[in-house]
Structures are given as structure tokens and as C-alpha cells.
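Report on the structure given below.
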Amino acid sequence: QVQLVESGGGLVQPGGSLRLSCAASGIIFRFYVMGWYRQAPGKQRELVAGISSGGRSDYADSVKGRFTISRDNAKNTVYLQMNSLKPEDTAVYYCNAQAGATYYWGQGTQVTVSS
């Protein structure tokens, strides 16, 4: 059974930081491209950041320079370090694992940026 379990969300003030984690089980983690997506109320789910099995990362323009994605293949975990958070970063953040046409989603974790 495949599970992607996100953690680390919460309420933070503008300018603050959060670190999201996604622990994977039931997959050969090192073979998967891992990604973080987010969905704000009334908006479509969007890709925030992705990291290949080899460690190459890519980011949405809106988060470049503020967010960092990383992975630890020994721990089957992907992280999203979010700095300089803005109110517009408020959303449910989802972890995604993809290998070819196969993909899995986590249940999501809420991030709220508000004073």
C-alpha cells in the first residue's frame, strides 16, 4: 500500500518560514520524481516545486528564491523549505510521487500565512 504522509503545515506570519515533510512508503522512493503542489480556495492545483530522482530541482516562478525542495532517499522523504512566506502562499500543500504514468498523492497539509 502506497502512502505519502505530509507534515509541517500550520499558521505563520508573513515573512516567516515553514518546513514541510513528506514521508513515502510502499514505493521504491529513489526511482520517483517528487513534487509539491498547492491548491488555494477557488483555484486550480498548481506545481510549486519538483525534484528528480537525480536531485535536479525546478520551481514555479512565484516561489523561486524563497522555497527549496530537497530529498533524502535514505529516509524516503522529500522536504519543502519555505522562507519569506506571503499571504498568497496560503493553500493546502500536497506531496506527489511520479514514475512514468504512475503517480500518487498525499492527503495534503494546510499552510496559512496571516498576521
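The values are calculated or read from the model by the stated rules, or taken from the named source; none is laboratory data. Predicted model, so just to flag it, every value in this text is computed and none were measured. So basically every Cβ, Gly included, is an ideal-geometry build from the backbone, and we count neighbours across all protein chains shown. Ligands, DNA and RNA are excluded from the accessible area calculation, which covers all protein heavy atoms including side chains. Shrake-Rupley method; radii C 1.70, N 1.55, O 1.52, S 1.80 Å.
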> In terms of Cα to Cα distance under 15 Å, which aspartates and glutamates are near enough to Lys75, apart from those fewer than 8 places away along the same chain?
Replying inline: Glu6
> Using only the Cα atoms of the stretch 1-46, what do you get for the radius of gyration and for Dmax, in Å?
Replying inline: 13.5, 38
> For the chain, what is the relative contact order in percent, using Cα pairs closer than 8 Å and at least 6 residues apart in sequence?
Replying inline: 36 percent
> Which number comes out as Rg/Rh for the chain once both Rg and the Kirkwood Rh are worked out on C-alpha atoms?
Replying inline: 0.95
> Toward the positive end of the charge dipole of the chain, about the Cα centre and with charges on Cβ (Lys, Arg +1; Asp, Glu -1), which of Val63, Asn73, Trp36 goes farthest?
Replying inline: Asn73
> Which of the lysines could be linked to Lys86 by a straight reach, that is with a Cα gap under 20 Å, when you skip same-chain ones fewer than 8 residues away?
Replying inline: Lys43, Lys64
> Carbon and sulfur together cover what percent of the accessible area of the stretch 39-92 at a 1.4 Å probe radius?
Replying inline: 45 percent
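Provide the per residue accessible area, probe 1.4 Å, for the chain, rounded to a whole number of square angstrom.
Details: 6160 Å² over 115 residues.
Per-residue accessible area for the chain comes out at 54 Å².
With +1 on each Lys and Arg Cβ and -1 on each Asp and Glu Cβ, and nothing else charged, work out how big the dipole of the chain is about its Cα centre, in Debye to the nearest 20.
On the way: 11 positive and 7 negative charges, 28 e Å.
About 140 debye.
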